[in-house]
Amino acid sequence: MNGFATENRRQTHRYQYLAEQLAETNRQLEQAQADARRSERLAALGQLSAGLAHELRNPLGIIKGSAEMLTEQLRSTTPIAAELAGFISGEVERMNSLVTRFLDFARPMRLRLQPRPLDAAVDRAIQDVLAKLAWP
């Protein structure tokens, strides 16, 4: 009888351990799925950003060119209108710069791999580990 009770406890502990492992694996799977969905949304956002930038830049170019033509034509006859057209051109340039910065932010970063000496990186890694371990 004692052997049966011991085996039963051992099997119960084993099943509990396996259930905990299964729960942890399920949690990791859910996290991986959430990460994959987030990655897909970010990729879609990047594509949307590129399309939006293209759609904004075309009309901005037309507005800027038109404002510059107005500035030239109105410069001698109506200085105030020429100044306003200059403001339009300047603000278009500012908006174009904003679109460029947005695209730079949304664009995936590209690594520029270059050979470097390892001694400084290894020394820095050792210092970081020692600092985390609180060694002198």
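The values are calculated or read from the model by the stated rules, or taken from the named source; none is laboratory data. A quick note: this is a predicted structure, and the numbers were derived from the prediction, not measured. Reconstructed Cβ throughout: ideal geometry from the backbone, glycine too, with neighbour counts over all protein chains shown. Side chains are part of the model used for accessible areas, which takes the heavy atoms of the whole protein and leaves out ligands, DNA and RNA. Shrake-Rupley method; radii C 1.70, N 1.55, O 1.52, S 1.80 Å.
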Checklist entry - D123 versus (1) more than 27 Å from the chain's Cα centre (by Cα); (2) closer than 30 Å to L42 by Cβ: which is the lone unmet condition? => result (2)
Checklist entry - Do any residues in the range 83-102 that are touching a residue at least 24 places away in the same chain (Cβ under 8 Å) have Cβ atoms under 6 Å from those of residues that are open to solvent by 40 Å² or more (accessible area, probe 1.4 Å) and basic (K, R), where the two are at least six apart or on different chains, and which pairs are they? => result S89/K64; V92/K64
Item to check | Hey, L133 hydrophobic (A, V, I, L, M, F, W, C), at pLDDT below 85 and under 15 Å from the mean Cα position of the chain (by Cα) or not | outcome: no
Checklist entry - Would a scan of the range 54-68 turn up a residue that is touching a residue at least 40 places away in the same chain (Cβ under 8 Å), surrounded by 11 or more Cβ atoms within 10 Å (Cβ to Cβ) and in a helix (DSSP H, G or I)? => result yes
Item to check | Selection within the range 1-20 - of a type outside the set (D, E, K, R) and open to solvent by 80 Å² or more (accessible area, probe 1.4 Å) | outcome: M1, N2, F4, N8, H13, Y15, Q16, Y17
Item to check | In the range 80-128, the residues that are assigned to a loop (DSSP other than H, G, I, E, B) and surrounded by fewer than 10 Cβ atoms within 10 Å (Cβ to Cβ) | outcome: P108, M109, R110, L111, R112, L113, Q114, P115, R116, P117
Next on the checklist: Only one of L113, L70 is more than 29 Å from the chain's Cα centre (by Cα) and more than 25 Å from A53 (Cα to Cα). Can you tell me which?
Outcome noted: L70
Checklist outcome for this item: Selection from the range 103-136 of residues among the small types (G, A, S) and in contact (Cβ under 8 Å) with a residue 40 or more places away in the chain yields A106
